Amino acid sequence: AQLGLADAMYQTGDLARAGGLYTRAAASAPDDPRTQLGLARIALRERRLDEAQQRYRKLVAAYPDNAVAAEGLGATLDMLGRHDEAQAVYRSALARHPEVQGLKTDLGLSLALAGKARAGANVLLDIASLADAPPQARENLALAYGLLGNSEAAKRILISQMPAQSAEDNLRFYRDLRERLTGQTANSAHVLPVPNVEAASSGAVR
């Protein structure tokens, strides 16, 4: 019951209450990995990246076949600017779970932010063209196009996903990010959006 309520609080953005519930559940069942996944997700959302990395690494070590834990670890490494390590995590998990769209979406974003926007776009194109593609896959593809300087392609994707003004705001962000990455002055840990790992319930660990 505590885990279910914690998941609900997390999904509504009440991270403080969710964290308290996960912590109490962990005290009652210290070996239950679902509590640790919940705490790791909150640490990632709150940008406590060292803690998130530590928690996700323990989960991946204990549950190497779990795609949710791998996504979380890769996302944390990306936010720390350690893109090569993140991509290795995504690729290893994809070798086990090639069907998981979230892993491919995050891999494409990681490649784009690592200065490999064309490679990232190619990964994301495979997902974004699917009828059931998650919105984040298309938004990440727009970002990859923006980093390539193809603002028209990025805009076509964005206006199908959001209001025109929001699309223009994103395009400006892509231009600024492209300039910073080109000038090698950007710290991607400060500009990287959180990949879509929070959508998974803590019950996904197995």
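All of the numbers you see were taken from the coordinates with simple rules; none came from a lab. The shown structure was predicted, so the numbers you read here are calculated from the model rather than taken from an experiment.
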**Message:** If you fit an axis through the alpha-carbon atoms of helix 135-148 and take the longest principal axis of the Cα set of the chain, what angle between them do you get, 0 to 90°, nearest 10?
**Reply:** 40
**Request:** Return the sequence-ordered ³J(HN,Hα) values of segment 57-62 in whole Hz as given by the Karplus equation 6.51 cos²θ - 1.76 cosθ + 1.60 applied to θ = phi - 60°, using x for Gly and Pro.
**Result:** 4, 5, 5, 5, 5, 7
**Request:** Using log10 I(q)/I(0) by the Debye sum over Cα atoms at q = 0.14, 0.19 Å⁻¹ as the read-out, say which of (i) -0.82, -1.30; (ii) -1.00, -1.37; (iii) -0.92, -1.25 was calculated from these coordinates.
**Result:** (i)
**Asked** Setting aside same-chain residues fewer than 8 positions from residue 155, which lysines have a Cα under 21 Å from its Cα?
**Response** 116
**Asked** How large is ³J(HN,Hα) for each residue in segment 161-171, as worked out from phi by the Karplus curve 6.51 cos²θ - 1.76 cosθ + 1.60 (θ = phi - 60°), to whole Hz, x for Gly and Pro?
**Response** 10, 7, x, 4, 5, 5, 4, 5, 4, 5, 4
**Complete:** Row for segment 62-121, column shape: gyration tensor on C-alpha, a ≥ b ≥ c, rounded if a/c < 1.5 i.e. under 1.5, prolate if a/b over b/c, else oblate; value oblate
**Prompt:** Can you give me the Cα centroid spacing of segment 140-187 and segment 1-17 in angstrom?
**Reply:** 33
**Item:** Under the Karplus curve 6.51 cos²θ - 1.76 cosθ + 1.60, θ = phi - 60°, whole-Hz ³J(HN,Hα) for segment 92-101, x wherever Gly or Pro sits
**Value:** 4, 5, 5, 4, 8, 9, x, 8, 7, 5
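Would you calculate, for the chain, the mean residue ellipticity at 222 nm contributed by helices, counting each DSSP H stretch of 4 or more residues as -39,500 (n - 2.57) and dividing by all residues, to the nearest 500?
-22500 deg cm²/dmol
Relative contact order for the chain: what percent, with Cα pairs under 8 Å and sequence separation of 6 or more?
Values: 284 pairs, mean separation 40.5, N = 206.
Computed value for the chain: 20 percent relative contact order.
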